[in-house]
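In what follows, a structure is listed as structure tokens, so that the remarks can point back to it.
The values are calculated or read from the model by the stated rules, or taken from the named source; none is laboratory data. All values reported here derive from a predicted model rather than from experimental measurement. Virtual Cβ from ideal backbone geometry, glycine too; neighbours counted across all protein chains shown. For the accessible areas, the whole protein counts, side chains as well, though only heavy atoms, and no ligand, DNA or RNA atoms are used. Shrake-Rupley method; radii C 1.70, N 1.55, O 1.52, S 1.80 Å.
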Amino acid sequence: MGARAHGSTGKVHFGGLDEVSLYGTPVEAAPPPGPPDPKSSFLKNQLQALFQPTDNKLAMKLFGSKKALMKERIRQKAAGHWVIHPCSSFRFYWDLCMLLLLVANLIILPVAISFFNDDLSTRWIAFNCLSDTIFLIDIVVNFRTGIMQQDNSEQVILDPKLIAKHYLRTWFFLDLISSIPLDYIFLIFNQDFSESFQILHAGRALRILRLAKLLSLVRLLRLSRLVRYVSQWEEVYFLNMASVFMRIFNLICMMLLIGHWSGCLQFLVPMLQGFPSNSWVAINELQEAFWLEQYSWALFKAMSHMLCIGYGRFPPQSLTDMWLTMLSMISGATCYALFLGHATNLIQSLDSSRRQYREKVKQVEEYMAYRKLPREMRQRITEYFEHRYQGKFFDEELILGELSEKLREDVINYNCRSLVASVPFFANADSNFVSDVVTKLRYEVFQPGDIIIKEGTIGSKMYFIQEGIVDIVMANGEVATSLSDGSYFGEICLLTNARRVASVRAETYCNLFSLSVDHFNAVLDQYPLMRRTMESVAAERLNKIGKNPNLVAHRSEEDAGSINAVVVALAAEAEHASRSPDRGPPSLGLALRPLQAAAFLGQRLPRPKSDNNVSADHDPQPLARGFFHKSDAAFPQ
Ligand code: CMP
């Protein structure tokens, strides 16, 4: 704080806290009391305001906040009155005008030079004089415009000396050459030859005139300015996908411009030679034709070469024609190659997740062939991939890892909304608890017949079912019950620190979310009530399969009420589901969805194809770790 603008007006200053708005934005203070500065006229103030950075897109991108922008304004004021900030409104409109003028110049100039060679109409001279003058003013403006540093965008160079040095070192000479006011020289030259136009018909004068006209081709070097302005705008206004489209659009425009130039050149050269009889113009009898007809044929000829389609109406007959044809062929082929490269890039970037998926599948196929896996296993792997990724492949861990913590949490919570809504255990829980759990979940897919949990093993995670049916299989092979969307299993082992009390087998394709034991304990330590709720449900489950429910029961009297509320809510949900005509009997702790109803009625669901696919229980899918399909929610831990 305490920075104060120097200079005569001293309008903006950045002083103590009282001068900072509620949001910490420095406020523009009134001019200091005293007699008004006689030098500062209204117009001058207006102009200087135009030179200051405004809160446009470019400024916001560079400075990030209004506060920083105010600081920049102060810095700009301190740099001197006639320094134009690159983010100012003046520079924006100036660049826009220059862009339009440049495009007009680059299109009109070659036509005028090639097809109106001996025409010294006042319109032409006026146009040239005006644009030359504006381009010369542009050089002056460039000498006073601050420079944005590529490497350090925070600091815009505002010192006039440094700006001049930088400009002289970079684009000044090209800009100067392309702005030499050749038509003023022309006018002087015309005055010198007092006989004026009459003398122009004399051979020598005509040649000088043609040479001068030819010289004005250097104006086409203004193309460099066009490229600079366009790329600067591109950077600011077109990000992401738009930038790729913009690049292609620019390239097409550039190709059309080069085609236009090449067409003009096709005509200019034979014209300078005086239309020899074997030139294409003479062969086509276009010497005396209207300029538009001449231009159309010339453009057609140039385009035919450039696109490598043909030679126009007739193949080249003269040596110069042949060289010109070669030149336009080379330029056309180069543009074509560039265009293809950019278009391929665009198409690839349009659907990178699908491309990545295809690459991954290809790699897996090669791996399966390399390892000579049996046909049936290959089939299962392929099906797994199709189901797991459904044609799109994202490295979600990486994507989410690049977000801010808050954003990451919000995205994960959003991705989990359907799971949270379908799992009664979550639906009735504290939102902080839900948020804590979902951020630690990991997406996993099991195929029909996979043994997700094997009885008697030591468990390292529990699962929530997003979609699918699992069977709880007892030691004797009997199916105790089936669980479906919104249910959870594998919690008993984590609660008791004992071994798995039953096996769990995937009945259909199952989209599950697993929670590791460490995360499970960490979260439940913070929410003891949820632990007890889970214990109550676990006790019921154990009871149902004929095991001792006391293995998990640690309920204290005070909690009983709250736990009961949750358990009752869970039971009510199950009850509600069971009332549907096609539903089975209620089961505590099971969120019954249409799919599992059949299981409760004792109806047998189609048996799995195989039941020997035992899940590793530690990390069943190292390949799939951290990757997901668009509709999934995978959760980095
Ligand atoms: P866990 O012992 O870790 O592993 C097997 C899982 O099967 C067990 O946890 C419970 O989640 C689940 N389970 C066991 N019996 C039942 C039941 N009667 N109803 C629903 N799920 C059960």
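Report the Rg/Rh value for the range 384-541, based on alpha-carbon coordinates and the Kirkwood definition of Rh.
0.96
Based on a Kirkwood Rh over C-alpha pairs, give the Stokes-Einstein translational diffusion coefficient of the range 331-473 at 25 °C and viscosity 0.890 mPa s in µm²/s.
Calculated translational D: 127 µm²/s.
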**Prompt:** Can you give the net charge of the other residues whose Cβ lies under 9 Å from the Cβ of L106, counting K and R as +1 and D and E as -1?
**Reply:** +2
**Message:** Using Stokes-Einstein with the Kirkwood hydrodynamic radius over Cα pairs, what translational diffusion coefficient do you get for the range 44-128 at 37 °C and a viscosity of 0.692 mPa s, in µm²/s rounded to a whole number?
**Reply:** 213 µm²/s
**Request:** Quick one, can you get me the convex hull of the C-alpha atoms of the range 258-334 expressed as volume per residue in Å³?
**Result:** 70 Å³
**Fill in**
Along principal axes, largest first, the alpha-carbon spread of the range 493-538 in whole Å comes out as 34, 21, 18
**Request:** Please give the length that would be gained between D525 and L43 if that part of the chain were fully extended, namely 0.36 nm times their separation in residues minus their C-alpha to C-alpha distance (nm, one decimal).
**Result:** 166.5 nm
**Exposure ranking of W94, W280 by accessible area [1.4 Å probe, largest first]** = W94, W280
**Prompt:** Pulled fully out, how much extra length does the chain show between D55 and K406, if you take 0.36 nm times their separation in residues and subtract their Cα-Cα distance?
**Reply:** 123.6 nm
**Message:** Among the listed pairs K66/K392; K61/K440; K57/K362; K57/K392; K71/K161, which have their C-alpha atoms separated by more than 32 angstrom in this model?
**Reply:** K66/K392; K61/K440; K57/K362; K57/K392
**Prompt:** What does the highest-first list of 496-504, 410-418 look like by mean Cβ count within 10 Å?
**Reply:** 496-504, 410-418
**Gain upon complete extension [D159, A337; 0.36 nm per residue less C-alpha separation]** = 59.8 nm
**Prompt:** For labels at A68 and Y311 in the simple 7 Å Cα→Cβ model, what's the distance in nm?
**Reply:** 6.1 nm
